[in-house]
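Accompanying notes for the structure given below.
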Amino acid sequence: MATGHEAATNAPNAGEYVVHHLTQLNTTGHAQSSIVDFSVLNVDTIFFSILTGIVGLYFMWRIARGATSGVPGRAQAALEILLEMVANQAKSIVHSEQSRRYVAPLALTVFVWVFLMNSMDFLPVDLLPMIWQKITGNPHAFLRVVPTADLNGTLGMSLGVLLLCFWYNVKVKGFGGWVHELFTAPFGNHPLLYLPNFLMQVIEFIAKTVSHGMRLFGNMYAGELVFLLIALMGAAFGGSALAGPLLWIGHVVAGTGWALFHIFIVTLQAFIFMMLTLVYIGQAHEGH
Amino acid sequence: MNLNSTLVAQLVVFFILAWFTMKFVWPPIMKALDERAAKIAEGLAAAERGRQDLDLASKRSADVLRDGKTKASEIVLQAEKRAHQIIDEAKAQARIEAEKVIAEAKVDIEHEAMRAKEALRERVAELAVAGAERILRREIDAKVHADLLATIKQDL
């Protein structure tokens, strides 16, 4: 049903096709109506994020298990390059050796995991949803395959980073020290400034976390949307005599171009997400 | 873009994955990297040591060679000296031998001369006696003049 071709020949118009593709498969079975509803779980996001996480970690674990200090194989060399990159970034941003023991592996996980989740975008937009519809026998079944194009996925991770920031703030400065900082920074230690200071700090934490999650989400959501629009061009093949074939060629050209560009975005966004994770945790280590 | 409990699930998954990486992926690779770095450092140090050893060995071999040459020339010198000595000794020995032979020869010659003189003296005395006998046979009795003849023989 939701393949581009069918979308053009059958009932749904372009708008319905796009909306259908951007609706999560959740535990209620239909699209979530309210903006926030914590009784709902997005099954597709959870499934694909765990799947990509397991695949990524499995390969890294296999390589790490056979790691040798002698001449490394190609896989090990590749992982070593990645690991040294992350380790160097962590070293330059987080200045606590002890914290790095957890933060650096966390950053590596973030990079690899986000990269793989983003990479789900490279699969044809209709491929997995179509297979899912065939399996369930329901031509209207929803499925979204890019976990990072779901705000829950990215905000979940950025909230995790926020929790780590709280943890390291308390760990490095002590609970009292951190509370003191919340009320005396950034403007200064004066009773009149306590409230503005605190509000600034709260805004700062919210802004960091929301922008952290939203940035990745926005990029991936927009990327997916563009892929959907490109797919619509190809779907117009069966349409009018002249425009149809031209749009199909447009699909091939634009689809190739966007996919190539998206390789860059996918990697860049994964890297940015990792770097911001390190930066925010690094900031938690520094007093104002 | 609705918010729901997926967010919490994702947060939990996030920490589990990070924990797994920290536990099973990061340490072995880091260990391998550190060990390799240590090995390389060790190898470089060994190479440096080897180079120093080589320097030392070549210096020592040069020393040994120089010593050997000095010793060899000393030995040659000594040998030459000894040869000269032996020649000198041999010469001296030969001279002594020769002198000894000459002295012996002289003694022999003297003996011979003495014996010859003796013999000659006997012969002359006999001849003189014979001559005198012939002269005196007619006039002198040999037995009467024996004392006189003995005195003459003595003087010869």
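The values are calculated or read from the model by the stated rules, or taken from the named source; none is laboratory data. None of these values were measured; they are calculated from a predicted model. For neighbour counting, all protein chains shown are included, and Cβ atoms are generated from backbone atoms with ideal geometry for every residue, glycine included. Surface accessibility is based on the protein's heavy atoms, side chains included, excluding ligands, DNA and RNA. Shrake-Rupley method; radii C 1.70, N 1.55, O 1.52, S 1.80 Å.
Tabulated values for the structure
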| read-out | value |
| --- | --- |
| For B:L3, residues with placed amide H under 5 Å, excluding near neighbours | A:V36, A:D37 |
| Accessible surface ranking that places the most exposed of A:W167, B:W26, B:W19 first, with a 1.4 angstrom probe | A:W167, B:W19, B:W26 |
| Note, ³J(HN,Hα) from phi for the stretch A:268-281, Karplus 6.51, -1.76, 1.60, rounded to Hz, x at Gly and Pro | 4, 5, 4, 5, 4, 4, 5, 4, 5, 4, 5, 5, 5, 5 |
| Computed accessible area, B:H145, all protein chains, 1.4 angstrom probe, square angstrom | 60 |
| Of B:M114, B:A79, B:S58, farthest towards positive along the dipole that unit charges on Lys, Arg, Asp, Glu beta carbons give chain B | B:S58 |
| Accessible area of A:E286 in the full protein assembly, 1.4 Å probe (Å², nearest 10) | 90 |
| Area accessible to solvent at B:R51, 1.4 Å probe radius, in Å² | 130 |
| Value of relative contact order over the stretch A:209-280, rounded to a whole percent, pairs C-alpha under 8 Å and six or more apart | 34 |
| Gyration tensor verdict on the protein assembly as shown (Cα atoms; rounded if a/c is under 1.5, prolate if a/b is larger than b/c, oblate otherwise) | prolate |
| Long-range amide H partners of A:N42 with built H, under 5 Å | B:T6 |
| Neighbour net charge for B:A9 - beta-carbon separation under 13 angstrom, K R +1, D E -1 | -2 |
| Mean separation of Cα contacts under 8 Å, 6 or more apart, over the residue count of the stretch A:4-285: relative contact order % | 27 |
| Calculated from backbone phi, Karplus (6.51, -1.76, 1.60) coupling profile of the stretch B:109-122 in Hz, x at Gly/Pro | 4, 4, 4, 4, 4, 4, 4, 5, 4, 4, 4, 4, 4, 3 |
| Which of A:W132, A:W113 is most accessible, then next, and so on - probe 1.4 Å | A:W132, A:W113 |
| Flagged links, alpha-carbon separation over 31 Å, of A:K208/B:K23; A:K171/A:K208; A:K91/A:K208; A:K173/B:K23; B:K59/B:K81; B:K117/B:K143 | B:K59/B:K81 |
| Probe 1.4 Å, accessible area per residue of the stretch B:6-110, Å² | 77 |
| Simple spin-label estimate for A:V210 and B:F15 in nanometres, 7 Å along Cα-Cβ | 2.4 |
| Chain A: angle of helix A:43-65 to the longest principal axis, Cα-based, in degrees nearest 10 | 60 |
| Using alpha-carbon coordinates, inclination of helix B:6-20 to the longest axis of chain B, degrees | 10 |
| Shape call, the stretch A:119-250: gyration tensor on alpha carbons, a/c limit 1.5 | prolate |
| Vicinal HN-Hα couplings computed from phi for the stretch B:87-95 (Karplus, 6.51 cos²θ - 1.76 cosθ + 1.60; Hz; Gly/Pro x) | 4, 4, 4, 4, 4, 4, 4, 4, 4 |
| Reciprocal of mean inverse Cα separation for the stretch B:6-110 (Kirkwood radius, Å) | 23.2 |
| By accessible area with a 1.4 Å probe, ligands and nucleic acids excluded, highest first: order of B:S61, B:S5 | B:S61, B:S5 |
| For the stretch A:5-85: rounded, prolate or oblate by the Cα gyration tensor [a/c cutoff 1.5] | prolate |
